[in-house]
Structure formats: C-alpha cells, structure tokens
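The values are calculated or read from the model by the stated rules, or taken from the named source; none is laboratory data. From a predicted model like this one, the values you see are computed outputs, not experimental measurements. A quick note on method: Cβ atoms are made from the backbone with ideal geometry, for glycine too, and the neighbour counts reach across all protein chains shown. All accessible areas refer to the heavy atoms of the entire protein, side chains included, with ligands and DNA or RNA removed. Shrake-Rupley method; radii C 1.70, N 1.55, O 1.52, S 1.80 Å.
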Amino acid sequence: MAPMRVLPERGPEGFPVPYGAPEGFVEHPHERTFAVPFPIGRVWAWINDPATFTEGQVWPYRVEFVEGGFEPGVLNVHHGPFLNAAGVIGEVRDPSPGAPAYRDLKYFYGSYALSPRLVRPTRLRFWAEPVASGGTRVSLRLDALVRRPFVPVWELSQKIFWSRFPVWMGKELS
C-alpha cells in the first residue's frame with residue numbers, strides 16, 4: 001500500500017501551495033531581528049504600506065500587487081533580473097496587547113532567486129512588537145530551498161541584503 005500523501009495548503013483559486021524540496025536542495029531559514037526607536041504603530045504602518053516596497057525598489061527590480069496591498073489573498077510578485085518571487089499574502093495581524101504584529105507572504109512553486117536551480121524562496125514573514133524603550137523590535141524570516149553547495153553564498157548574500165532594511169526604515173521614519 002502506498003503511503004498516505006498529505007495535501008498541501010491551498011492558495012488563491014484553490015491551487016495547492018507545495019512545500020517539497022527537489023533533490024539536492026535543503027530548507028534554509030534566514031532570520032534577522034533588530035530594534036528601531038519608533039513606536040510600533042509607525043513601524044507597522046510603514047512595513048504594511050505597499051508604497052514602501054513598490055516605490056522603494058531599486059531599478060530594475062519591481063514589486064507588484066494585484067488588486068490590493070497587504071491583505072490576505074492578495075497576489076504579489078517581486079521581479080527583476082535573476083528574480084521572480086510570486087506569491088500570495090497570507091495571515092496579517094495588527095499589533096495588539098500581548099501579541100506581536102505579524103504578516104505572512106507565501107511564495108508559489110516556481111519562484112526563484114538567481115536561478116531555479118539555486119534558490120527557491122518559499123515564505124517571507126515579519127513580526128513587530130513594542131519594546132520597553134518605546135521603540136519596536138522587528139523580526140523577519142525568509143525561508144527558501146537552496147541547493148546544498150550554495151548555502152554559504154546564499155546566507156552571506158542575505159546578511160548583506162537584509163542589513164540595509166533597518167537603515168532604510170530608520171531613514172524613512174525619521
């Protein structure tokens with residue numbers, strides 16, 4: 001008897017959102033946490049403003065939304081040379097007492113960075129919570145399937161890429 005197969009989550013229009021890794025790929029989470037001296041309301045509004053990402057992109061890269069912004073079910077794509085990361089906005093929770101703000105973007109099968117043979121992003125999540133100083137702690141996690149020998153290069157590139165995020169946020173919110 002064949003083993004029972006668990007059906008993947010469903011995305012828009014009922015299409016499956018698979019999470020399997022092709023042979024030679026490993027799951028790779030890149031996580032980053034930083035604090036900024038701005039109240040959570042301002043930080044969360046900036047993170048959830050589509051203009052932050054559509055107007056803040058460096059040419060020739062673009063971010064597009066289909067009929068909405070950061071609301072569940074809205075289609076989203078980040079694209080440019082060597083990048084096609086298409087997905088759907090999942091859960092979005094505004095900040096509330098005792099619970100961090102949260103946003104989830106699930107990338108579709110076929111999304112890639114550099115090449116589909118090297119890196120396949122699967123999910124991007126953000127959390128934000130107030131800190132005692134009146135500022136905000138922001139955490140992010142980018143999950144990807146990465147070809148095993150390429151993991152060190154991918155990790156270094158993510159450290160460099162995401163290091164600009166708190167600097168960019170600080171400039172925009174000052």
³J(HN,Hα), Karplus 6.51/-1.76/1.60, whole Hz, each residue of the range 132-142, x for Gly, Pro
4, 6, x, x, 9, 9, 10, 10, 9, 9, 10
Each label sits 7 Å from Cα toward the beta-carbon; between LYS171 and PHE82 the label points are separated, in nm, by 2.2 nm
So, in Å, what gap is there between the alpha-carbon centers of the range 21-63 and the range 95-160?
7 Å
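In percent, what relative contact order does the chain have, based on Cα pairs under 8 Å that are 6 or more apart in sequence?
After rounding, I find 24 percent.
Could you calculate the contour length gain from PHE65 to ALA35, that is, 0.36 nm times the residue separation minus the distance between their Cα atoms, to one decimal place in nm?
Between PHE65 and ALA35, full extension yields 8.0 nm more.
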Applying the Karplus parametrisation 6.51 cos²θ - 1.76 cosθ + 1.60 with θ = phi - 60° to the phi angles of the range 25-32, what ³J(HN,Hα) value in whole Hz is obtained for each residue in order, glycine and proline being reported as x?
9, 10, 6, 9, x, 10, 10, 8
Expected unfolding gain across ALA21-ASP49 under the 0.36 nm per residue rule, minus the alpha-carbon gap, is 6.9 nm
Taking Cα extents along the principal axes in Å straight from the coordinates, which label in (i) 57, 32, 30; (ii) 44, 38, 31; (iii) 74, 42, 27 is the correct one?
(i)
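If I take R0 = 22 Å and measure r between the Cβ atoms of VAL58 and GLU155 in this structure, what FRET efficiency does the formula 1/(1 + (r/R0)^6) give, to the nearest 0.05?
That pair, VAL58 with GLU155, gives E of 0.55.
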Crossing angle, helix 151-173 versus the chain [Cα axis fit, 0-90 degrees, rounded to tens]:
30 degrees
Can you work out ³J(HN,Hα) from phi for every residue in the range 62-71, in order, using Karplus 6.51 cos²θ - 1.76 cosθ + 1.60 and θ = phi - 60°, giving whole Hz and x for Gly and Pro?
9, 10, 10, 10, 9, 6, x, x, 8, 10
Keeping the other protein chains in place, figure out the carbon and sulfur percent of the accessible area of the chain, with a 1.4 Å probe.
59 percent
